[in-house]
Amino acid sequence: MKLLVCGGAGFIGSNFVRRALAGNDAVEVVNLDKLTYAGNPDNLRSVEADPRYKFVQGDICDREIVMRAAEGVDAIVNFAAETHVDRSLLGAAHFIDTDIKGVLVLLEEARRVGLERFVQISTDEVYGSIESGSFTEASLLNPRNPYSASKAGGDRLAYAYWSTYGVPVIITRASNNYGPYQYPEKLIPLFVTNALRDQALPLYGDGRNVRDWLHVSDHCRAILFLLEHGTPGEVYNIAGDNERENIEITRKILHLLGRPESLITPVQDRVGHDRRYSLDASKLRGLGFRPRVDFEEGIAETVRWYVENEWWWKPLKDHDGEFRRYYQQQYGERLS
Ligand code: NAD
Ligand code: DAU
């Protein structure tokens, strides 16, 4: 099978590309990625020389590039997106472009060439926040920030191309991922790398918002599983079954690194901060899929990865003007 992976140079996409190539000699991958601030060729060093892997730098909104990249592929797996809620609060235009209009370009291409599968990577955030219980695939969508609203747009557009034109679309909605190669602006890599430098850990609000943590390897396994066993037109929740308050994650990181809790710095909350995400993943379990990574082991291994791979994150934090500009804008006042 030849896959067009969009956004394969990002966190989850790069973990997926490595896994797809390692798991099956017959798999070929074309990775179409714009290389925004979040895309990083270093994430894929280990497969660069593999003859079954090809990289194309380009924007999924560009129809010509998408047509060229999609030549001869059997399926598209679309990870490409603007993905950071906090950035969407500073400006949403890029989110609308990539997460909705870009998805439209990909769907049009899938329709034109008659692809076998189109996997749209959506998110649990499209359901919005839930105080108790868990969302099933039949729950109403209630996205509450510009990122999740744009992802809901892409999610429903993908469904519309199935119901209207029969494009064989599968939609996945996963919970918060953690693991290696996550850009150091998201909670876990930011806090690990700050703690390693004895810098403040800016915890939003009361620190009691709840996220369900899914190891990136389990997310990637689930996507490969659904490429084979998923039914077109269906949505699948992918949960980690590891709900934790942010303060608990923060303390765990400090404990694993042997750093003091005095680094925890409560700061002004994220506006419209969703309190809790929770997924019911019994539909996927019913097909025979189970996550494998135990959270305690997964988080320890993840923290160790950032400790041992400073070569990867140091250039992003220290030499990439984009990171420093964003950090100042997001945390400058909060931490002053
Ligand atoms: P990421 O921000 O690490 O990577 C996004 C990738 O998309 C980058 O390589 C970037 O260069 C690329 N990209 C952005 N705009 C593009 C464009 N216009 N054309 C081509 N490439 C473009 O994101 P991630 O955390 O790996 O998330 C991947 C996908 O999974 C996203 O669709 C996200 O919504 C979804 N998701 C993420 C999580 C999570 O916890 N990280 C959970 C559920 C779903
Ligand atoms: O739930 C899936 C979503 O998870 C994905 O769709 C998104 O792409 C991904 O970025 C992630 O969104 P979150 O907003 O949940 O992730 P983030 O790492 O930004 O924040 C996790 C929690 O930690 C959230 O409650 C906000 C809090 N937080 C985050 C940062 C960056 C802090 O308290 N301080 C921080 O500095």
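A few notes on this one:
- Computed from label points 7 Å out along Cα-Cβ, the spacing between residue 136 and residue 97 is 4.0 nm.
- Theoretical gain in end-to-end length, residue 283 to residue 48 [0.36 nm per residue, Cα-Cα removed]: 81.0 nm
- Pairwise label distance in nanometres, residue 108 with residue 322, each label 7 Å out on the Cα-Cβ vector: 2.5 nm
- Dividing the Cα radius of gyration of segment 144-239 by its Kirkwood radius returns 1.07 for Rg/Rh.
- Segment 276-336 - percent of accessible surface contributed by carbon and sulfur, probe 1.4 Å: 46 percent
- Around residue 135: net Lys/Arg minus Asp/Glu count, Cβ-Cβ under 9 Å: -2
- Loop trypsin sites (Lys or Arg not before Pro), segment 289-321, which have at most 16 other Cβ atoms in a 10 Å radius of their Cβ (DSSP): 292
- With DNA, RNA and ligands ignored, accessible area of residue 45 (1.4 Å probe; Å², nearest 10): 130 Å²
- For the chain, modelled as a GNM whose springs connect Cα atoms under 10 angstrom apart, the maximal fluctuation among 178, 236, 161 occurs at 161.
- Charge tally in the Cβ shell below 13 Å around residue 75, where Lys, Arg are +1 and Asp, Glu are -1, residue 75 excluded: -3
- Rounded to the nearest 10 Å², the accessible area of residue 243 at probe 1.4 Å: 80 Å²
- When the Cα convex hull of segment 185-260 is projected onto planes of every orientation, the mean area is 6.5 nm².
- Taken over the chain, lysine pairs spaced eight or more positions apart, or on distinct chains, with alpha carbons under 17 Å apart number 7.
- Solvent exposure of segment 278-325 as accessible area per residue, Å², 1.4 Å probe: 55 Å²
- Surface exposure of segment 131-171, expressed per residue as accessible area with a 1.4 Å probe, stands at 46 Å².
- A 1.4 Å probe, protein heavy atoms only, puts the accessible area of residue 319 near 140 Å².
- The packing ranking, built from the mean of other Cβ atoms within 10 Å per residue, places the peptides 31-38, 90-97 in the order 31-38, 90-97, highest first.
- Between 0 and 90°, nearest 10: helix 11-23 axis offset from the chain longest Cα axis: 50 degrees
- Relative packing of 149-159, 203-213, which averages over residues the other C-beta atoms within 10 Å, highest first: 149-159, 203-213
- Beta bridges per DSSP with both ends in the chain, % antiparallel, nearest 5: 10 percent
- Normalised radius of gyration (Cα atoms, divided by 2.2 N^0.38 Å) for the chain: 0.95.
- Alpha-carbon Debye profile of segment 1-105, log10 I(q)/I(0) at 0.12, 0.15, 0.20 Å⁻¹: -0.38, -0.58, -0.98
The values are calculated or read from the model by the stated rules, or taken from the named source; none is laboratory data. As the structure is a computational prediction, the values presented were derived from the model and not from experiment. In this analysis, Cβ positions are derived from the backbone assuming ideal geometry, glycine residues included, and neighbour counts consider all displayed protein chains. Side chains included, ligands, DNA and RNA excluded: accessible areas come from the protein's heavy atoms. Shrake-Rupley method; radii C 1.70, N 1.55, O 1.52, S 1.80 Å.
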